[in-house]
Amino acid sequence: MIEPGTVREGRPMESQPASGTPQRAAGSPPRSPWSTIAVVYLGGVVAAMGFGKFASVGPEVAGQLGLSLSQLGWVISAVVGVGAAAGLPAGYLVRRFGAERSLVTGLTLIAAASAAGAAAGDFAWLLTARGVEGVGYLLVTIACPALVMRLATERDRGTALSIWATFVPMGIGVSTLAGGAIGSALGWRGWIGVIAALTFATALVVWVRLPRGPGRRAVAGPVPRAGALVWPATLAVAFCLAALVTVPVVVLLPTLLIERHGQSASAAGAVTSVVSLLSVLGGLAVGVLLRRGTPVRVLALAGPATVPAAWFMFGGPTSAAAVEGGAAVISIENGFLGALVFTALPMVLERLDHADIGNGVVAQAGSLGSLLGPPLFGLVATGWGFPALVPVIAVGITAAVGALLLVGGRTSRHRPGTG
């Protein structure tokens, strides 16, 4: 059993290592198993590579299979659609079967679905494969942060979770860059096959490296009551709103650069890849600041910087440099706010072993925001023009920051139980 600890302002809860993590030697400071945490992170990055694998080969897929732009959009978004529909139930599933087993199962499902997708001959086949892949991706995104919370010590937990929060931009960035080269050499089916093989190999590494067996798994306590999920749900609302108004910015960036500023598709794609990767900097910044004791409510005040960046991108100067600069700031904010949500979650859980359910709530909300954001932005931009997106972003970010400020007040007072 993990002994109760105290949450200090802006710092995660102190706890004894759960079963399956290295134990503290007498008189020595606790150490986080960073090599194991790195394997967990690798699993998330590879899963995100699968999520973004069509970014660089989408036109070729659509051409060979006769897909419309709308159908290609469904293929791309099916993965987050599963998360938006089933995040919370998946959290209970991970709790029932264990985070280690769920992570390996999720990666295996992604690998199998990718292999099936590489052989797809029509839209229905490809969409079904992506749906199965979405189930695997959801299991990975819930199991990984739960494992990171359990493996890392109190001092390192914020840093470890902020690193974890960079897995999506890191995976999509690597996938976009590698997919262009490999897809050109092997075709889109060869590229998808490479992703399938890589994911399966990662599942084997995770299976070998992580603790297994009932004697080495953390013992789950009682299932959290509804009241125990109020603060995780507040974080989830913040995450949903932040994703709703920041994720579409990267989606729209190539369109802006090509249609309004005359850039080539390849140049716009390269800029978008770099901008997407910048969100990693935001995530890492949260870990550094939390480690120095910066309170959550202070970190949340960085969110409003998104609004002037949105004005530069959509409503202000008409130069490509202004658009790219605004998108870069919003991308960094996206990583910053996402990491803040993940690092604040263990501070508001009643018990650390509620992490799987809490992550399920957060994953469902983030997927919902990511799913609804692009069509919402498209609707607003089509009806009222790109400048109308600035107040939409302002309202969404203000509400997200408000929710994070509420959570910040909670983290300075909450004293967690055992887990």
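Observations
- Near pairs, Cβ below 8 angstrom, 6+ apart or cross-chain, from segment 282-294 (on the phi < 0 side of the Ramachandran plot) to any residue that is in a loop (DSSP other than H, G, I, E, B): G283/A165; G283/T166; L284/T166; V286/A165; L290/G10; L290/R11; L290/P12; T294/G10
- Selection within segment 315-324 - more than 23 Å from the chain's Cα centre (by Cα) and assigned to a helix (DSSP H, G or I): G315, A320, A321, A322, V323
- The numbered conditions (1) closer than 17 Å to A197 by Cα; (2) under 16 Å from the mean Cα position of the chain (by Cα) are all true for G134 except (1).
- Qualifying residue in segment 96-104 (condition: surrounded by fewer than 17 Cβ atoms within 10 Å (Cβ to Cβ), modelled with pLDDT under 90 and more than 20 Å from the chain's Cα centre (by Cα)): yes
- Qualifying residue in segment 332-353 (condition: of a type in the set (D, E, K, R), more than 19 Å from the chain's Cα centre (by Cα), surrounded by fewer than 24 Cβ atoms within 10 Å (Cβ to Cβ) and in a helix (DSSP H, G or I)): no
- Only one entry of F312, F336 meets the criterion of being aromatic (F, W, Y), in contact with a helix residue (DSSP H, G or I) (Cβ under 6 Å, 6 or more places away or on another chain), free of Cβ contacts under 8 Å to residues at least 24 places away in the same chain and not assigned by TED's automatic domain parsing to the domain that holds W164, and that entry is F312.
- Qualifying residue in segment 300-314 (condition: part of a helix (DSSP H, G or I), out of contact with any strand residue (DSSP E or B) (no Cβ under 6 Å at 6 or more places or on another chain) and hydroxyl-bearing (S, T, Y)): yes
- Here P391 passes the criteria (1) modelled with pLDDT of 90 or more; (2) out of contact with any Ser or Thr (no Cβ under 6 Å at 6 or more places or on another chain); (3) within 23 Å of G44 (Cα to Cα) except the one numbered (3).
- Yes/no for G121 being small (G, A, S) and surrounded by 22 or more Cβ atoms within 10 Å (Cβ to Cβ): no
- One residue alone among S273, S266, S279 is assigned by TED's automatic domain parsing to the domain that holds A388, exposed (fewer than 15 other Cβ atoms within 10 Å of the Cβ), farther than 21 Å from D156 by Cβ and of a type outside the set (D, E), and that residue is S266.
- Only residues that are in contact with a Gly (Cβ under 6 Å, 6 or more places away or on another chain) and crowded, with 17+ Cβ neighbours inside 10 Å were counted in segment 372-399, giving 2.
The values are calculated or read from the model by the stated rules, or taken from the named source; none is laboratory data. This one's a predicted model, so the numbers in the text were calculated from it and none came from an experiment. As a convention, Cβ positions derive from the backbone with ideal geometry for all residues, glycine included, and neighbour counts pool all protein chains shown.
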